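Engineer: Got a structure for you, written out below as structure tokens; questions coming shortly.
Readers should treat all values here as calculations from the given coordinates under stated rules, not as data from a laboratory. Since this is a predicted model, take the numbers as computed values, not measurements. All Cβ positions, glycine included, derive from the backbone under ideal geometry; neighbour counts span all protein chains shown.
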Amino acid sequence: MFSRNKKYILDGGTGQTLLEKGLKPEGTLWSATALINEDFHDLVVETHLDFINAGADLIVTNNFGVRKRRLLQNNRLDYFESANKFAGQLARKAKELSNKNILIAGSLPTHADTYQSRFFNTDEEVHQGFYETAAILNPFVDLFYLDVISSVKETRIACEAIKNFNKPVLIGLHFRKNAHLPSNETIADVVNEIKNYNCCGIIAACVSPEIANLVLPEFQKQNITYGFKVNAFKDIPEDFVISSKSSSQPTDVLGTLENFTPNIFKNFVESTANQGASLLGGCCEVKPRHIKALKELQLT
């Protein structure tokens, strides 16, 4: 059970770790390939276990790429249900093999382009999409994670869609360099919108450490549990959009911070924890070795 009085170490970038381990992605499916192709299922379990054994208290299911629009781009829409189900099953298998009392968060990814706030579907279709994914993952997870959300509107739709599952919701919001969402809304706008939902915390999701530090003072003004999942990309341009015709991986376009060592990550986490952050983890390009470095910290 999630506790608001505990500091949690979250996992890192499962998808990028799978690529490092040898996953051969198909088109723009990226890490979703590992769910569609059963030959990679053991690799997914291994990756979750690596994060758990490194010290993660909470892992996120590996279905960020299992979005209907992305599946349609790659002619794999018929895998929507099975891929999401495998994501839940493989995370649960890793937990059981670890024999550790960790939490599993079911990923409910954005229905917009990643890092953008504009929908490609009606509000009703977005609502249904969040519900369908949550219904598939529900038997396997302890809470839901709104994965890289970029507007108040999408946050509200998602919370409304999944409220009857009666599970805590961790909200992962993407921010830009002005500490606002891509929709140009603020943390305060989001907090005002979620008061009637079972939100267990809000994190800055897939942002640079610099942006996370910009956002921290805004989190501190709110009566919420907060933290981050930082990436190690060089930069995310505000107009960045994944092309349906490109097979490039994110790092091919966004680059990787060469000096983002486990020790640098540890120092960042220690600093933010001292400022009140209690949900401490990574996203793209943050590997198990980064999470392992946090074992040296005294987190209370």
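Engineer: For N101 and K195 in the same chain, what is the full-extension length gain: residue separation times 0.36 nm, less their Cα-Cα distance, in nm?
Structural biologist: Values: separation 94, 0.36 × 94 = 33.84 nm, distance 2.90 nm.
Full-extension gain reported as 30.9 nm.
Engineer: Also: Taking θ = phi - 60°, what integer Hz values does the Karplus form 6.51 cos²θ - 1.76 cosθ + 1.60 yield along the stretch 186-200, in sequence order, with x for Gly and Pro?
Structural biologist: Computed from phi, the couplings for the stretch 186-200 are 10, 4, 4, 4, 5, 4, 5, 7, 9, 4, 9, 10, 8, 8, 9 Hz.
Engineer: Counting other beta carbons within 10 Å of each Cβ, put K21, K292 in order, fewest first. Display every interim value, and only then the final one.
Structural biologist: Values: K21 15, K292 18.
Lowest count first: K21, K292.
Engineer: Sticking with this one: Give me the net charge for the shell around L146: Cβ to Cβ below 13 angstrom, other residues only, Lys and Arg +1, Asp and Glu -1. All intermediate terms of the calculation are to be shown ahead of the outcome.
Structural biologist: Values: positive: K153, R156, K163, K167, K229; negative: D147, E154, E160, E193.
That sum, taken over residues with Cβ under 13 Å, equals +1.
Engineer: In the stretch 83-191, what % of DSSP beta bridges are antiparallel (nearest 5)? All intermediate terms of the calculation are to be shown ahead of the outcome.
Structural biologist: Working: 1 of 10 bridges.
DSSP beta bridges in the stretch 83-191 are roughly 10 percent antiparallel.
Engineer: Still on this model: Would you pull out the residues with amide H under 5 Å of T256's amide H, same chain only if 5 or more places away, H placed 1.01 Å from N?
Structural biologist: Distant-sequence amide H within range of T256: K234.
Engineer: Convert each backbone phi in the stretch 279-288 into a coupling constant with the Karplus relation 6.51 cos²θ - 1.76 cosθ + 1.60 (shift: θ = phi - 60°), then list the ³J(HN,Hα) values in order as whole Hz, x for Gly and Pro.
Structural biologist: Karplus values, whole Hz, x for Gly and Pro: 10, 10, x, x, 10, 3, 6, 9, 9, x.
Engineer: What is the magnitude of the charge dipole of the stretch 71-149 about its Cα centre, with +1 placed on the Cβ of each Lys and Arg, -1 on the Cβ of each Asp and Glu, and no other charges, expressed in debye to the nearest 20? Provide the component values of the computation, followed by the final result.
Structural biologist: Numbers: 7 positive and 10 negative charges, 99 e Å.
Result for the stretch 71-149 is approximately 480 debye, rounded to the nearest 20.
Engineer: Still on this structure: So, in Å, what gap is there between the alpha-carbon centers of the stretch 178-208 and the stretch 115-138?
Structural biologist: 18 Å
Engineer: At a 10 Å Cβ-Cβ cut-off, how would you order Y145, Y197, Y226, fewest neighbours first?
Structural biologist: On the way: Y145 29, Y197 16, Y226 23.
The order, fewest Cβ neighbours first, is Y197, Y226, Y145.
Engineer: When DSSP beta bridges are limited to those with both residues in the stretch 8-296, what percentage is antiparallel, rounded to the nearest 5? Walk me through the intermediate numbers first.
Structural biologist: Working: 2 of 31 bridges.
Antiparallel: roughly 5 percent of the beta bridges in the stretch 8-296.
Engineer: Give me, ordered by chain and number, the residues 5 or more places off V60 or on other chains with an amide H under 5 Å from its own placed amide H.
Structural biologist: D11, A105
Engineer: A further question follows. Given Cα pairs under 8 Å that are at least 6 residues apart, what percent is the relative contact order of the chain? Intermediate values should be presented prior to the final figure.
Structural biologist: Numbers: 593 pairs, mean separation 66.5, N = 300.
About 22 percent, as a whole number.
Engineer: Once you place label points 7 Å from the Cα toward the Cβ at N263 and H41, how far apart are they in nm?
Structural biologist: Roughly 4.2 nm, to one decimal.
Engineer: Okay, next question. What does the net charge come to around P262 if you take all other residues with beta carbon closer than 9 Å to its beta carbon, with K and R at +1 and D and E at -1?
Structural biologist: Details: positive: K266, K287, R289, K292; negative: none.
That sum, taken over residues with Cβ under 9 Å, equals +4.
Engineer: If you don't mind, another one. Quick one: net charge around K292, please, counting Lys, Arg +1 and Asp, Glu -1 for every other residue with C-beta under 13 Å from its C-beta. Display every interim value, and only then the final one.
Structural biologist: Working: positive: K266, K287, R289, K295; negative: D11, D50, E296.
Net charge around K292: +1.
Engineer: Calculate the translational D of the stretch 96-172 in whole µm² s⁻¹ from Stokes-Einstein, where the hydrodynamic radius comes from the Kirkwood formula applied to all Cα pairs, the temperature is 4 °C and the viscosity 1.567 mPa s. Before the final figure, lay out the partial values.
Structural biologist: Values: Rh = 12.8 Å.
Once the numbers are plugged in, D ends up at 101 µm²/s.
Engineer: Right, another one. Please go through the residue pairs K6/K68; K85/K177; K153/K295; K24/K93 and name each one whose alpha carbons sit more than 31 Å apart in this structure. Walk me through the intermediate numbers first.
Structural biologist: Numbers: K6/K68 35 Å; K85/K177 36 Å; K153/K295 37 Å; K24/K93 22 Å.
Result: K6/K68; K85/K177; K153/K295 exceed 31 Å.
Engineer: Amide H to amide H under 5 Å from T114: which residues, 5+ apart in sequence or cross-chain, H placed 1.01 Å off N in plane?
Structural biologist: So T114 has HN proximity to I242.
Engineer: As a test of the definition: which semi-axes, in Å, follow for the stretch 8-296 when you take the square root of five times each eigenvalue of its alpha carbon gyration tensor? Largest first, please. Let's see the in-between values first.
Structural biologist: On the way: eigenvalues 114, 102, 77 Å².
Over the Cα atoms of the stretch 8-296, the semi-axes work out to 24, 23, 20 Å.
Engineer: Report the extension gain between A188 and Q128 in nm, rounded to one decimal, defined as 0.36 nm multiplied by the number of residues separating them, less their alpha carbon distance. Write down the numbers at each step before the final one.
Structural biologist: On the way: separation 60, 0.36 × 60 = 21.60 nm, distance 2.64 nm.
Extending this stretch completely gives an extra 19.0 nm.
Engineer: Hey, another quick one. Mind ranking 60-69, 251-260, 162-171 by how tightly packed they are, going by the mean number of other C-beta atoms within 10 angstrom, highest first?
Structural biologist: Numbers: 60-69: 24.5, 251-260: 13.8, 162-171: 19.2.
Top of the packing list down: 60-69, 162-171, 251-260.
Engineer: A follow-up question, please. Could you run the Karplus curve 6.51 cos²θ - 1.76 cosθ + 1.60 with θ = phi - 60° over the stretch 26-43 and give me ³J(HN,Hα) per residue in whole Hz, x for Gly and Pro?
Structural biologist: 9, x, 9, 6, 6, 5, 4, 4, 6, 8, 6, 9, 5, 5, 9, 4, 5, 5
Engineer: Taking the beta-carbon count within 10 Å as an exposure proxy, list K153, K229 from fewest neighbours to most. Display every interim value, and only then the final one.
Structural biologist: Details: K153 17, K229 27.
Final ranking by Cβ density, sparse to dense: K153, K229.
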